[in-house]
Amino acid sequence: MGGMSAAYEIRAALGIAHRVTMVGDGDQFSFTPSNPWVAIGWRKPADVLIDAASALRRRGIDFIDSPASAVRPREKQVLLKDGRQLAYDYLVITTGPRLAFDEIPGLGPHGGYTQSVCTTAHAAKAWQAYQDFLDHPGPVVIGAAQGASCFGPAYEFAMILDTDLRRRKLRDRVPMTFVTSEPYVGHMGLGGVGDSKGLLERQLRNRHIRWITSARIDRVESGQMQVTEHDARGQPVEQHVLPFAYSMVLPAFTGVEALRGIEGLVNPRGFVLIDKHQRNPAFPDIFSAGVCVAIPPVEVTPVPTGAPKTGFMIESMVTAIAANIKAEIEGLPATHEATWNAVCLADMGDGGAAFVALPQIPPRNVTWAREGKWVHLAKVAFEKYFLRKMRTGNTEPVYEKYVMKALGIMRIKPGAGGSK
């Protein structure tokens, strides 16, 4: 989501006099928030994919379908897996994360025993496994592993799965357990948002989904997950052996291999270090946005949790980057700052919950959580709207501009080079 948005915003800011090139692993854009629907069969992969290459080229953006194998910031080069070398004046890193399934034995869809909704390909594989599960229903374990920073899709998937099983009249044959590294239900890596704790606990309780918080997944075997529950001081208090016929667990993230170990560019986990202008302090011609940036946890938790990077927060980052690159080229200081506001629409199958945290990291000016069927409808509408936005390259349609303004949300902080 960050890469396409950044390419469009930079092209709109700079005009056609400057060359903009996007490097990608595959030529399709995937609307990641729809992956839980794909995994349960409510969407087909084709419904949430678009041809990124042709969409970008219509906006005068070059596209190279070969992922980066290494970044050489001192030489101002990107080395591609096909052997080519690209020189740059400015580099914007929006790689997303590496999915660290390997940090827990038996985790993940590639050689492990759990499913994932982190990518559309993973979600399609999860749908195949779900079809087999429907023939032989049994216990289900859903959750987010230690170190995870993305909790919303785990809650969404648990609720959507519950809804689908009830519609199929199979729910009574499927005990469900939600396992999370969060210190409490609804923490979300954000220290809670409004009454997210009460809201999500009530949803899980009403749906007969038991939960284990401050949980560390020790290992996963065929049909069985070993989990250690911890107290508020981080001390182990109980061992759980959870049988399952189907499981979906979100992993921790790291930076991608092309970035790992570059001193000054990334932290020990491989996330890109940035200042308040989205710029790397050691290499000022490199900017970064999205899940690949280094953001410290909101607070220390008994079992490690990370801070999420939500969709609107990412768009805020790329807007600031485009404005700062434009300013630099014009000989002006790069002073624009992203607002880092968290706006989340979480589908629950037959309803939903909306969370707003302004800014994402507390203390906050605005924090609230609401629920209702309108959220499900809003997320469906947002899916269609955002896919169209990526097809057309419209960086801020009138709809988004005025809806966000009504919520008091801006992409760039006032007084930091303007507002948008």
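Here are the numbers for the structure shown:
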read-out	value
Hz values of 3J(HN,Hα) by residue in region 209-218 - Karplus curve (6.51, -1.76, 1.60), Gly and Pro given as x	10, 6, 9, 10, 9, 6, 9, 10, 7, 7
Estimated inter-spin distance, Leu170 and Ala381, nm [label 7 Å along Cα→Cβ]	3.3
Kirkwood-based shape ratio for region 121-236, expressed as Rg/Rh from alpha carbons	0.96
Sequence-distant residues sharing a close amide H with Met22 (under 5 Å, placed H)	Asp62, Phe63, Ile64
Ratio Rg/Rh [Cα only; Rh per Kirkwood] for region 54-115	1.12
Label zone at Asn267, where the point sits 7 Å out along the Cα-to-Cβ direction: region 182-197 residues whose backbone N lies under 15 Å	189-190
Modelled FRET efficiency - R0 41 Å, Val237 with Asp350, Cβ distances, 0.05 increments	0.70
Centroid-to-centroid separation of region 1-50 and region 211-259 [C-alpha atoms, Å]	31
Zero-based 5 Å bins, Cα pair distances in region 8-72, whole percents	4, 16, 20, 17, 18, 14, 8, 3, 1, 0
GluC sites (Glu not before Pro) lying in DSSP loop within region 279-350, provided at most 16 other Cβ fall within 10 Å	Glu299, Glu330
Distance (nanometres) between label positions extended 7 Å along Cα→Cβ at Asp47 and Arg19	4.1
Using θ = phi - 60° and Karplus 6.51 cos²θ - 1.76 cosθ + 1.60, couplings along region 270-280 (whole Hz; Gly, Pro as x)	x, 8, 6, 7, 9, 9, 5, 9, 6, 10, 6
Inter-site label distance for Glu328 and Ile361 at 7 Å from Cα along Cβ, in nm	2.1
Loop chymotrypsin sites (Phe, Trp or Tyr not before Pro), region 52-148, which have at most 13 other Cβ atoms in a 10 Å radius of their Cβ (DSSP)	none
Viscosity 0.890 mPa s, temperature 25 °C, Stokes-Einstein D of region 348-399 from Kirkwood C-alpha radius, µm²/s	191
Under 5 Å, built H, 5+ apart or other chain: amide partners of Arg219	Gln226
Sparsely packed GluC sites (Glu not before Pro) within region 68-162, loop by DSSP, other Cβ within 10 Å at most 15	Glu75
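Rule-based calculations on the coordinates, nothing more; no lab input. What you see is a predicted model; the values in this text were computed from it and never measured. Cβ coordinates were reconstructed from backbone atoms using ideal geometry, including for glycine residues, and neighbour counts include every protein chain displayed.
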